[in-house]
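The values are calculated or read from the model by the stated rules, or taken from the named source; none is laboratory data. All of these numbers come straight from a predicted model, not from anything done at the bench. For neighbour counting, all protein chains shown are included, and Cβ atoms are generated from backbone atoms with ideal geometry for every residue, glycine included. These area figures cover heavy atoms from the full protein model, side chains too; ligands, DNA and RNA do not enter into them. Shrake-Rupley method; radii C 1.70, N 1.55, O 1.52, S 1.80 Å.
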Amino acid sequence: MRLYPEQLGKHLKAGLAPCYFVYGDEPLLKQEALDELRRAARAQGFDERHKFDADEGLDWDSIFDASQSLSLFSSRQIIELVLPEKLDRTASDRLRELLQQCHADLLLLISGPRLNQQQQKTAWYKALAEAGPVVPVFTPDARHLARWLELRLRRHQLSAEPDALHWLTLAFEGNLLAAAGEIEKLALLDLPQPLTLAELQQQVQPHYHFNPFQLLDPLLQGKVKRGCRILQQLRQEGIEAGMLCYLLSKELNTLQQLQAAMADGQSFQQAAAKLHVWSSRQPLMQTALNRLRGPKIAALSRMLAAADAAVATFDDDSAWRWLQALCVGFLDDKEPVILP
């Protein structure tokens with residue numbers, strides 16, 4: 001069963017499952033989900049807690065010893081296990097063995113990083129999904145961040161006018177931890193409600209944050225203004241231009257291969273399946289292909305080659321100018337492409 005963090009409260013009213021797997025790349029939501037599970041467990045008498053990191057040096061026998069031992073102070077215990085980016089064969093086998101040890105007085109609380117589709121097809125992931133709820137925690141995208149902020153404000157008996165809420169989404173995109181901290185500060189100030197844009201701009205320091213992968217989707221959608229904003233912030237955060245060249249190269253290569261396959265008579269779905277394009281990304285790719293013709297994609301590839309050449313010669317300013325032009329170039333064919 002899959003649960004999302006906002007569903008945990010209702011789920012826990014019906015009692016604890018023997019095992020939970022909380023995974024994802026959003027540190028605040030992951031920590032809050034784990035804390036909520038720990039509180040529910042303590043309320044039901046799980047007073048003893050053991051924590052292990054499943055790295056290469058882990059002694060798995062120590063986990064099994066802990067799971068089978070009884071404390072003088074508690075008959076119910078939590079075993080927490082933090083999974084690494086990848087599990088080797090031994091770790092996968094021992095994890096599945098551990099899941100078979102579940103009983104009423106043992107709670108397995110397992111956490112891990114964000115998983116791709118291939119990892120979600122592994123035997124160890126399927127075993128976790130069968131043992132208890134899996135709880136994915138992801139950073140809300142721009143479409144859902146406003147709702148998250150609104151609920152967070154409401155939790156602290158706060159509200160905000162629409163333009164103020166929109167400003168908050170821009171000020172804290174990609175950084176929920178900073179947003180939560182600022183909202184807690186606002187709750188202490190006893191400000192008039194609803195909060196206005198002017199009040200927020202006076203009281204709140206923006207702390208938005210992006211990762212390189214967030215640059216790709218708005219470009220494929222033709223949201224060039226947003227793409228340029230993300231690009232500028234990535235540069236300010238010290239992201240290497242070469243990394244962006246690599247990611248954009250993969251994206252443009254995929255678009256070119258899809259375009260060539262469709263020109264040969266394949267359907268988009270057939271071509272995407274052969275190229276192993278994730279189902280979640282196929283609508284984005286199809287949107288881009290509907291907007292961008294062959295000559296435009298070829299022009300974008302030439303810009304990217306120029307940016308890559310600038311990186312190779314350590315001409316950082318030129319590389320970023322070419323990347324800026326590349327972002328602008330993702331506009332529809334009707335729009336001009338301005339070269340640096």
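Pick out, in residue order, every one of the trypsin sites (Lys or Arg not before Pro) in the range 204-298 that is DSSP loop and has at most 15 other C-beta atoms within 10 Å; say none if there are none. Before the final figure, lay out each step's value.
Working: sites: LYS223, LYS225, ARG226, ARG229, ARG235, LYS250, LYS274, ARG281, ARG291, ARG293, LYS296; in loops: LYS223, ARG281, ARG293.
Sites meeting the loop and neighbour criteria: ARG281, ARG293.
Given contacts defined as C-alpha pairs under 8 Å and at least six residues apart, what's the relative contact order of the chain, whole-number percent?
Numbers: 427 pairs, mean separation 50.7, N = 340.
It comes to 15 percent, rounded to a whole number.
So what is the accessible area of the range 227-316 per residue, in Å², with the probe set to 1.4 Å? Walk me through the numbers before you get to the answer.
Values: 4820 Å² over 90 residues.
Per residue, the range 227-316 has an accessible area of 54 Å².
For the full complex of protein chains and a 1.4 angstrom probe, list CYS19, CYS102 by accessible area with the highest value first. Mind showing how you got there, number by number?
Working: CYS19 0, CYS102 40 Å².
Putting CYS19, CYS102 in descending order of accessible area: CYS102, CYS19.
Which lysines have a Cα lying under 22 Å from the Cα of LYS274, excluding residues fewer than 8 positions away in the same chain?
Counting by Cα, and skipping residues close in sequence, LYS274 has these lysines nearby: LYS121, LYS250.
When the solvent-accessible surface of protein heavy atoms is calculated with a 1.4 angstrom probe, in what order do ASP55, ASP25 fall, highest first?
Values: ASP55 90, ASP25 70 Å².
Sorted descending by solvent-accessible area, the residues read ASP55, ASP25.
At 7 Å along Cα-to-Cβ for each site, give me the label-to-label distance between HIS207 and THR313 in nm.
So the two model labels end up 4.2 nm from each other.
What is the set of long-range amide H partners of ARG76 at a cut-off below 5 Å, with H atoms built 1.01 Å from backbone N?
Under 5 Å from the amide H of ARG76: ASP47, GLU48.
Please report the accessible area of THR313 (heavy atoms, 1.4 Å probe, ligands and nucleic acids excluded) in Å², nearest 10.
100 Å²
Which cross-chain or sequence-distant (5 or more) residues have an amide H under 5 Å from the amide H of ALA160, H modelled 1.01 Å from N in plane?
When sequence neighbours closer than 5 places are left aside, the close amide H contacts are LEU195.
Straight distance only, please: which aspartates and glutamates reach the Cα of LYS225 with their own Cα at less than 15 Å, same-chain residues fewer than 8 apart left out?
Candidates past the 8-residue exclusion: ASP217, ASP332, GLU335.
Which of the lysines could a cross-linker span from LYS51 if the Cα-Cα distance has to be under 20 Å and same-chain partners fewer than 8 positions apart are dropped?
Qualifying lysines at Cα under 20 Å: LYS30, LYS86.
Whenever you get a sec, compute what percent of the accessible area on the range 162-201 sits on carbon and sulfur atoms (1.4 Å probe). If you can, show how the numbers build up before the last one.
Details: 1210 of 1940 Å².
Carbon and sulfur atoms account for 62 percent of the accessible area of the range 162-201.
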